[in-house]
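*Asks:* The structure is given below, and queries will be raised subsequently.
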Ligand SMILES: NC(=O)c1ccc[n+]([C@@H]2O[C@H](COP(=O)([O-])OP(=O)(O)OC[C@H]3O[C@@H](n4cnc5c(N)ncnc54)[C@H](O)[C@@H]3O)[C@@H](O)[C@H]2O)c1
């Protein structure tokens, strides 16, 4: 028996589809038969994703829009629906962050964090949900972060937005249920993407991301139970399930794609064991 995800003939919009997790999700959906609207602020990046989607045997359309511009984002969602004649799936993936202590962060910076991470999700959901409902129901996926589930020093406003995305996911799962729309979230931790490597503009080949500095790579091995950072394709695998008919009775869920960091809750590898005190002498065993 094949494991049919039921995607053939469906249509989706993915925001921030020009690189990283959004690109991986968009290409995976396209490869499974979904026509995908690729929303990105960087048209060149969206075009690279379109080529990858076509190479995967799929169909995709690039839609240039800054998700912080709610009118442009709404128009991009509407254009995808117009072009495909339906809309079944929305992936709210675009987001961004700059590291800074909260007391050193300007109001302009708080507001930009809120606009890109939170308001964009509200605007795209508001535009897309009626179109998904009129297409017979479907699925919305919000890409939040493990930072929305724990303290995040240097990332306070980003983490607050990601926590709000999880709350919004719960409420939308309830409010949109009567329209046949399931609403779920993904919570990645460190994932190898262009943005995660500090590459914020221009086309990027995911195969050619620069490696992490050795001290960072060693730290990831210590604090991620699975011993490595995640791949964007692993987020896409989880997204494919949540967006598919196979998750037909799953709504309001936030799925961690984090190698176990949330479960570890601060425990790190130390020698052959584990410790909460990485700088202290190991406990006698
Ligand atoms: N990579 C990680 O380690 C990680 C961990 C947890 C959560 N996340 C979340 O996953 C999502 C994607 O992250 P990523 O690492 O794949 O990002 P990325 O920086 O690699 O790619 C983001 C894409 O979004 C586009 N984009 C940026 N600003 C935009 C805007 N204003 N309007 C439209 N498009 C815009 C960029 O051009 C790019 O193509 C984000 O919401 C991020 O917070 C990432």
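*Asks:* For the condition within 20 Å of residue 97 (Cα to Cα) and exposed (fewer than 12 other Cβ atoms within 10 Å of the Cβ), what is the one hit in 198, 265?
*Replies:* Of 198, 265, the one residue that is within 20 Å of residue 97 (Cα to Cα) and exposed (fewer than 12 other Cβ atoms within 10 Å of the Cβ) is 198.
*Asks:* Filter segment 48-60 down to the residues that are surrounded by fewer than 17 Cβ atoms within 10 Å (Cβ to Cβ) and in contact with a strand residue (DSSP E or B) (Cβ under 6 Å, 6 or more places away or on another chain) and list them by number.
*Replies:* Selection gives 59 alone.
*Asks:* Something else about it: Here are the criteria: (1) more than 30 Å from residue 126 (Cα to Cα); (2) surrounded by 11 or more Cβ atoms within 10 Å (Cβ to Cβ); (3) out of contact with any helix residue (DSSP H, G or I) (no Cβ under 9 Å at 6 or more places or on another chain). Tell me which single one residue 273 does not satisfy.
*Replies:* Tallying (1) more than 30 Å from residue 126 (Cα to Cα); (2) surrounded by 11 or more Cβ atoms within 10 Å (Cβ to Cβ); (3) out of contact with any helix residue (DSSP H, G or I) (no Cβ under 9 Å at 6 or more places or on another chain), residue 273 fails exactly one: (2).
*Asks:* For segment 171-190, give me the residue count where each residue is more than 13 Å from the ligand (Cβ to nearest atom) and buried (at least 17 other Cβ atoms within 10 Å of the Cβ).
*Replies:* 7
*Asks:* Still on this structure, please answer the following. Determine which single condition residue 208 fails, assuming it passes every other condition in (1) at pLDDT 95 or above; (2) within 14 Å of the ligand (Cβ to nearest atom).
*Replies:* (1)
Okay, residues lined up against (1) within 13 Å of the ligand (Cβ to nearest atom); (2) exposed (fewer than 15 other Cβ atoms within 10 Å of the Cβ); (3) within 26 Å of residue 269 (Cβ to Cβ):
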| position | (1), (2), (3) |
| --- | --- |
| 192 | yes, no, yes |
| 213 | no, yes, yes |
| 217 | no, yes, yes |
| 234 | yes, no, yes |
| 247 | no, no, no |
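*Asks:* Looking only at residues that are under 10 Å from residue 15 (Cα atoms) and surrounded by 23 or more Cβ atoms within 10 Å (Cβ to Cβ) in segment 34-45, which one is farthest from the ligand (Cβ to nearest atom)?
*Replies:* 37
*Asks:* Do we find that residue 11 is within 19 Å of residue 239 (Cβ to Cβ), within 20 Å of the chain's Cα centre (by Cα) and either more than 10 Å from the ligand (Cβ to nearest atom) or exposed (fewer than 15 other Cβ atoms within 10 Å of the Cβ) (or both) in this structure?
*Replies:* yes
*Asks:* Within segment 194-205, which residues are more than 8 Å from the ligand (Cβ to nearest atom) and in contact with a helix residue (DSSP H, G or I) (Cβ under 9 Å, 6 or more places away or on another chain)?
*Replies:* 202, 203, 205
*Asks:* Hey, another quick one. Please verify whether residue 18 is within 14 Å of the ligand (Cβ to nearest atom), part of a helix (DSSP H, G or I) and within 15 Å of residue 73 (Cβ to Cβ), treating the condition exactly as stated.
*Replies:* Here the answer is no, as residue 18 does not meet what is asked.
*Asks:* Determine whether residue 111 is farther than 22 Å from residue 45 by Cα and free of Cβ contacts under 8 Å to residues at least 40 places away in the same chain.
*Replies:* yes
*Asks:* From the list 52, 29, pick out the single residue that is in contact (Cβ under 8 Å) with a residue 40 or more places away in the chain, farther than 14 Å from residue 79 by Cβ and part of a helix (DSSP H, G or I).
*Replies:* After ruling out the rest, the residue left standing is 29.
*Asks:* Which members of segment 149-173 meet the condition of being touching a strand residue (DSSP E or B) at 6+ places or on another chain (Cβ under 9 Å) and touching a residue at least 40 places away in the same chain (Cβ under 8 Å)?
*Replies:* Within segment 149-173, 149, 162, 165, 166, 168, 169, 170, 172, 173 qualify.
*Asks:* On the given criteria, is residue 115 at pLDDT 95 or above, closer than 19 Å to residue 22 by Cα and touching a helix residue (DSSP H, G or I) at 6+ places or on another chain (Cβ under 7 Å)?
*Replies:* No; evaluated as a whole, the condition is false for this residue.
The values are calculated or read from the model by the stated rules, or taken from the named source; none is laboratory data. Since this is a predicted model, take the numbers as computed values, not measurements. Counting neighbours? That spans all protein chains shown, and the Cβs are built from the backbone with ideal geometry, glycine included.
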